[in-house]
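Down below is the structure, laid out as structure tokens.
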Amino acid sequence: MLNRRHLLGLAAGAAGLGLIIDPARAAKQATAKQVASKAGGIDPADFGVRPGATDDQSKAFAKMLKTASDGNQPILLPPGAYIVSELVLPPRVRLSGIPGATRLIHRGGGPFIRGENADHIAFSGLMFDGAKQYLGESVSGLLDLRSVKALVIDNCQVNAASKNGIALQRAAGRIERCTVTGAAEAGIWSVDAAGLAISANAIDDCTNGGILIHRWQIGEDSTMVSGNRISRIGARNGGTGQNGNGINVFRAGGVLISNNIVSDCAFSAIRANSGSNVQITGNSCLRSGETALYSEFAFEGAVIANNVIDGAANGIAIVNFNEGGRMATCSGNIVRNLSTTGPYPAEVGGFGIGIGVEADTTVTGNVVENAPQCGMQLGWGPYLRNVVATSNIVRKAGIGIAVSVVDGAGPTIIADNVLQDVLHGAIIGKRWAEPVTADLAEIGNAGYAHLTVEGNRVS
């Protein structure tokens, strides 16, 4: 039989020697080791990486990441906060945590997490907190990742970055189910993607942009941006559209933008500048400060279809034929509740236009309602060629359809549209911004050989 007094004495002696560990802490360490063992990974505690520690753990973290990379092993971080900075990722990183509970906090004074020329980087279930700390001049974002062959950022949170939240260059992979909030620049910024998918993320309260898909030179990009929720995007750095967009494509070709919900952006919900073969389909665009959907400047080929626009200065613009912008289809969209007020003084055609197009474009099966200037604007000055506007509905507009009759304007067909409650004419010819014809819905093409006007119903 064991002697109870002897056992108590041993326990007291062990306590005196510091051999008894806090039970809660011991349980956590045991759990972490079990999880790491089952996952075939390594235990952070073996490297002195401790949740809740108030000191900088960057050196211990770096050693842990290198060891895991060398052995191609995953790391599971227990719940808690970890203070780190200037982490340079090794070629292979598989780092995960407990969603909403594992938090990496930027200590400040320079970069937070960066990696370049990596084979595989995977983050899952982590919260990256920039704490609005200074990031230095050498990086573009809180997470700054360049030339990554296989990237996965899944179910993570990226908060309070003093630059972009996630900044990528030449990356392939996916960002999905993440939340990015409070970035001082854009939520996600990608340049020269090499096969990227950005899906099912929530981006909000970013100062200059939501999701940016850019290239240094015009070229094929083929990024997919789908199923994201983007809201409250500002334009702190000003301009007339460079900033303040929920989704922005610049010089990137073949980008697919589908089924996103984009609201309360200072400028456009979705803006494609010099991006050929871009598809913008099935998006919900609410309360845009300027033009809700834009395809502009040097592009060839755009599909804008089945989008809902409610609240904007202008609805859809497919323009800049003078810069080479041409070739598009615009179909099945709902555009309503537009305003004559934008984020800067009105210029060119002004605000309050439902759909504006210029060259080699069909406009079919759209519904425009409450467009105070005009439901549709076809061409601007001589910049009009091969436009077909058929089977559309325009209700409650200043002018139903405005069409350019300036010398040099090209072939245009306006047929079989329904125009109702149009205050200043159903179909009016314009020289630039000035109306110069009677209602063409009543008198035909008025001698303008480039126009075919027929079969429209006005009530």
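Read-outs throughout are calculated quantities, based only on the coordinates presented, and are distinct from any laboratory measurement. For clarity, every value in this text was computed on a predicted model and none was experimentally measured. Here the Cβ is made from the backbone with ideal geometry for all residues, glycine too, and neighbour counts use every protein chain on show.
A few comments on the model shown:
- In sequence order, calculated HN-Hα J values of the stretch 119-125 (Karplus, 6.51, -1.76, 1.60; Hz; x Gly/Pro): 7, 8, 10, 10, 10, 8, x
- Global geometry of the stretch 176-316, whether rounded, prolate or oblate, following the gyration tensor of its Cα atoms and the 1.5 cut on a/c: rounded
- The stretch 288-328, relative contact order in percent, only Cα pairs under 8 angstrom and at least six apart counted: 54
- Of all DSSP beta bridges in the stretch 101-458, antiparallel share, percent nearest 5: 5
- Each Cα pair under 8 Å and six or more residues apart adds its sequence gap; the mean of these over the residue count of the stretch 52-133 is a relative contact order of 30 percent.
- 3J(HN,Hα) couplings calculated from phi for the stretch 267-283 with the Karplus curve 6.51 cos²θ - 1.76 cosθ + 1.60 (θ = phi - 60°) are, in sequence order, 10, 9, 5, 9, 9, 10, 10, 6, x, 7, 6, 8, 10, 10, 9, x, 9 Hz; Gly and Pro show x.
- Taking amide H as placed 1.01 Å from N in the peptide plane, the amide H of GLY244 sits under 5 Å from that of GLY209, each at least 5 places away or on another chain.
- Once the Cα atoms are used to define both axes, helix 23-39 deviates from the longest principal axis of the chain by about 60 degrees.
- A simple packing score, the average count of other Cβ atoms within 10 Å per residue, orders the peptides 419-430, 393-404 as 393-404, 419-430, with the highest score first.
- Our coupling estimate for the stretch 65-76, obtained by passing each phi through the Karplus curve with A = 6.51, B = -1.76, C = 1.60 and θ = phi - 60°, is 5, 5, 4, 5, 5, 4, x, 6, 10, x, 10, 10 Hz, Gly and Pro reported as x.
- Cα gyration tensor category, rounded, prolate or oblate, for the stretch 46-195 with a/c compared to 1.5: rounded
- Helix 4-16 axis versus longest C-alpha principal axis of the chain: approximately 60°, rounded to the nearest ten.
- Working from Cα pairs under 8 Å separated by at least six residues, relative contact order for the chain is 6 percent.
- Mean residue ellipticity (222 nm) of the chain, computed from DSSP H runs ≥ 4 via -39,500 (n - 2.57), nearest 500: -3000 deg cm²/dmol
- Amide H to amide H, with H built 1.01 Å from N, ASN456 comes under 5 Å of ASP416, ASN417, counting only residues 5 or more places away or on other chains.
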